[in-house]
Each structure stands twice: as C-alpha cells, then as structure tokens.
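As structure tokens, the structure follows; a few thoughts come after it.
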Amino acid sequence: MIRIGGGFRCVMRASYLMVSFAGIAGCISHQQPQNGMSDAATPSLGRSPNVVSARIDSAARGTRITVVDLTKEFLVFFDSASKTPLDRDSRWAMWQRLYGFAARPPGPFGDTLARRLFEAAWDRYPAALPRIRQGAEGFGFVPDSVLRQVVTLLGCGGDTHVQLIAFVGGFEANAFAFPGPGGIQTIAIPVEAGDALGALVHELTHAVHHSKGCANITSGYEMSLAELVLSEGLAMRVTERLIPGYPSIHYLAGSQAWLDSSNSRRTAILEGIQQHISESGGATARRFTFGSGATGLGREGYYAGWVVTEALLDGGLSLHDLATTPSPHLPALISRGIAWEERGRSP
Ligand SMILES: [Zn+2]
C-alpha cells in the first residue's frame, strides 16, 4: 500500500513529503522575548527536557501527543530478511511489504530515493539494533513536556494534538512533519541516527505552527515557497531558543562547507527566493530543498529561512508574530525580511 505523507523536514532537513509503502500513518512528507517572558525566563531544554518547570504557560496544557512506534514493524522485517540470504530485489520487496516507511518525497523521485537510502543503510543496521530495539522508549525525553515548551514559546497552538511516529530510517537523520489523517499534526523522528531531541523540537514547531491555533497551514507538500521558508526558519529559531549554545550549523543541519558557500552567496540566494516567493507546489519545494535552488547550492530554502527569520526577529517581530502570520501574508513577510537583511537589518 502506498501512503503519502508529507514531511517538511527537517533533521537532515531535507524534508519533504514522505511516502510510506506500508507504514502506519498516511502521510504526506528547522529573538525575541515571547509572551511577556524575558530572555532570562525563556524556557531552555538544555539536554534535560524531562525537567519541565512552572514556566510552562497554562495555555499549553491542552496539548496532547500520541506515540506510534514503528520500530517493531521494522524489526519484524529485519529479522525475516536476515534469516536467509535474499537478493536485493527480494529484500526490497520484503521491506515494502513488511515495513515501508521512509522519509521521501512522493512520486518516482521518492521511490528511487527510498530504495537508495535503504540499500546504503542495510549493512549498518546490525550495529544499530540495540538502539532500534529500544524503540520510542530510547529517545530519553518526555514528548508532552517538549510540546508544551514549544507552545509556550510560540504563544499559540495550545490545543494542538500531535501524533509522534518513531521509525527506523536509513541513517540519514531525516525527521519530518506532515498533516496526518483527520488533520492531526504528525511528526516522524528516526531512532537509529540523529539528534532526536533537536529533531523533536524542530518538528513540533512545525506541528504547532501549522495547527489551527497558529497559522493553520494545511498545504503539506504543496506548500508555497513562502510557507516553506518561514516554517523552516521558525523551526530552527525555536530549536536554537530551547536548546541554545550550539553553532549555527547545528540548527541548520548542513555541512560547514555548505554554510560557508551559502554565506558567500547570501545576496544571490535571497534574490532567488524573492524571485520565486509567490510560487508553490512540489516542484518548487524540491528545488529549494533537495534541488539546486537558484544558485546551485541546495537547501537554499533552509538557508533563507535561517537568515530571514533572524532579520525579522532583529527587526522587532516576535516568534509569536512569525508563528501566527496567515499564509496569504507570508510572501510579503519574507520579502520584508529580505529587504531588512539587505539594508543591514534596519526596518
Ligand atoms: Zn523543518
């Protein structure tokens, strides 16, 4: 069964629509003081998110997380596929039949990507089995507490219901978020690789931001470029706020060489974003995430999101302002951020 889920991701931040062959959830698929809090009072998860303090806003107590653990389905596949030698095609067919959950865009490109990830990952799975067997329990955080901190920081989405899928990826550390069945905000976090807490904050920010209580973005993988840029920028800035102390590249999740190149092409990248800011759809999303963008670098949507949100926040807007801007106003908001950036961040 082919499922389409979307993931605008995320940890590897190559996110995107996510398609699962047999997965569980139909799916598609990165400052200022907020809400009266001073910087000093901004909740910080540090590396101990289980310690949730009274800083949680009471408005965030209506949130809910349902955990779906797909690791057991993966183990059924892996144990079956390991019993007897299989050729690659047979093993891939078994993966699709017994498991089939991967972070990938829809369509033939996604099909090719999913198999490539799987083939590259196969020999690495044995060493990761101890972690995989821990499933969602091995994350080491309390998802509900993290969700409440995100809601408190954004000051909206207090009744957000999130479905959290723990899955086994291909060691690409690619978490993602997408609108699930019934409109439930759904996020997927891999267990075998990546910074699960950072990914959780990033993806929960997408879920809360896209919820009815905030911007009510329902476009999934067909989202506009402006939605993509703002969504990723907001998710990275919230992660930076709640898990501070890392260099920029940690939140951007690319390579340092990629970031250095992006910085050297900052003006050209932003001009490219501006030129296409009114576009939407899967082709545009691919171009500015997986694809070569406007300057040939890749992941330019993420870089632009990081730069533009910084300019908007430095210019006096709040995370709450960004999270509650309706979709029709986002192209203008992104354009304003680009203009502020080009003027040295002076509104
Ligand atoms: Zn993201």
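The values are calculated or read from the model by the stated rules, or taken from the named source; none is laboratory data. Given the structure is predicted, the values throughout are model-derived calculations rather than measurements. As a convention, Cβ positions derive from the backbone with ideal geometry for all residues, glycine included, and neighbour counts pool all protein chains shown.
Is it true that some residue in the range 194-207 is out of contact with any Phe, Trp or Tyr (no Cβ under 6 Å at 6 or more places or on another chain), farther than 22 Å from Gly157 by Cβ, in a loop (DSSP other than H, G, I, E, B) and assigned by TED's automatic domain parsing to the domain that holds Ala121?
Taking every residue of the range 194-207 in turn, at least one turns out to be out of contact with any Phe, Trp or Tyr (no Cβ under 6 Å at 6 or more places or on another chain), farther than 22 Å from Gly157 by Cβ, in a loop (DSSP other than H, G, I, E, B) and assigned by TED's automatic domain parsing to the domain that holds Ala121.
Of all residues in the range 91-134, which are under 19 Å from Ala199 (Cα atoms), of a type outside the set (A, V, I, L, M) and modelled with pLDDT of 95 or more?
If the condition is that a residue be under 19 Å from Ala199 (Cα atoms), of a type outside the set (A, V, I, L, M) and modelled with pLDDT of 95 or more, then Arg131, Gln134 are the ones that fit.
Could you please give the count of residues in the range 307-346 that are small (Gly, Ala, Ser), surrounded by fewer than 21 Cβ atoms within 10 Å (Cβ to Cβ) and farther than 12 Å from Arg237 by Cα?
Residues that pass the stated criteria total 8.
For the range 294-314, which residues satisfy the criterion of being more than 16 Å from the ligand (Cβ to nearest atom) and in a loop (DSSP other than H, G, I, E, B)?
Ala294, Thr295, Gly296, Leu297
So the check is Cβ under 6 Å with 6+ separation or different chains; which pairs have a first residue in the range 247-270 that's more than 9 Å from Tyr303 (Cα to Cα) and a second one that's surrounded by fewer than 20 Cβ atoms within 10 Å (Cβ to Cβ) and of a type in the set (Val, Ile, Thr)?
The qualifying pairs are Gln256/Ile249; Arg265/Thr295; Ala268/Thr295.
Table: residues versus (1) outside any helix (DSSP H, G or I); (2) not basic (Lys, Arg).
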| site | (1), (2) |
| --- | --- |
| Phe74 | no, yes |
| Phe78 | no, yes |
| Ser82 | no, yes |
| Pro105 | yes, yes |
| Arg115 | no, no |
| Phe118 | no, yes |
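Take the residues in the range 264-285 that are touching a Phe, Trp or Tyr at 6+ places or on another chain (Cβ under 7 Å) and at pLDDT below 90, then tell me which one is surrounded by the fewest Cβ atoms within 10 Å (Cβ to Cβ).
Gly282
If we scan the range 316-334, do we find a residue that is farther than 18 Å from Met223 by Cα, touching a Gly at 6+ places or on another chain (Cβ under 7 Å) and in the same structural domain as Leu234 (by TED's automatic domain parsing)?
Yes; the residues of the range 316-334 include at least one that is farther than 18 Å from Met223 by Cα, touching a Gly at 6+ places or on another chain (Cβ under 7 Å) and in the same structural domain as Leu234 (by TED's automatic domain parsing).
Looking for something more than 16 Å from the ligand (Cβ to nearest atom), more than 23 Å from Trp340 (Cβ to Cβ) and outside any loop (DSSP other than H, G, I, E, B) - is there at least one such residue anywhere in the range 267-280?
Yes, that holds for at least one residue.
Could you tell me whether the range 160-183 includes any residue that is more than 14 Å from the ligand (Cβ to nearest atom), modelled with pLDDT of 90 or more and under 20 Å from Pro244 (Cβ atoms)?
Within the range 160-183, not a single residue is more than 14 Å from the ligand (Cβ to nearest atom), modelled with pLDDT of 90 or more and under 20 Å from Pro244 (Cβ atoms).
Would you mention how many residues in the range 315-332 are part of a helix (DSSP H, G or I) and under 15 Å from Leu154 (Cα atoms)?
Residues flagged as part of a helix (DSSP H, G or I) and under 15 Å from Leu154 (Cα atoms) within the range 315-332 amount to 5.
Can you find a residue that is in contact with a helix residue (DSSP H, G or I) (Cβ under 6 Å, 6 or more places away or on another chain), surrounded by 15 or more Cβ atoms within 10 Å (Cβ to Cβ) and within 30 Å of Leu313 (Cα to Cα) anywhere in the range 163-175?
yes
Would you mind telling me which numbered condition in (1) within 30 Å of Gly135 (Cβ to Cβ); (2) within 16 Å of the ligand (Cβ to nearest atom); (3) in contact with a Phe, Trp or Tyr (Cβ under 7 Å, 6 or more places away or on another chain) Leu225 fails?
(1)
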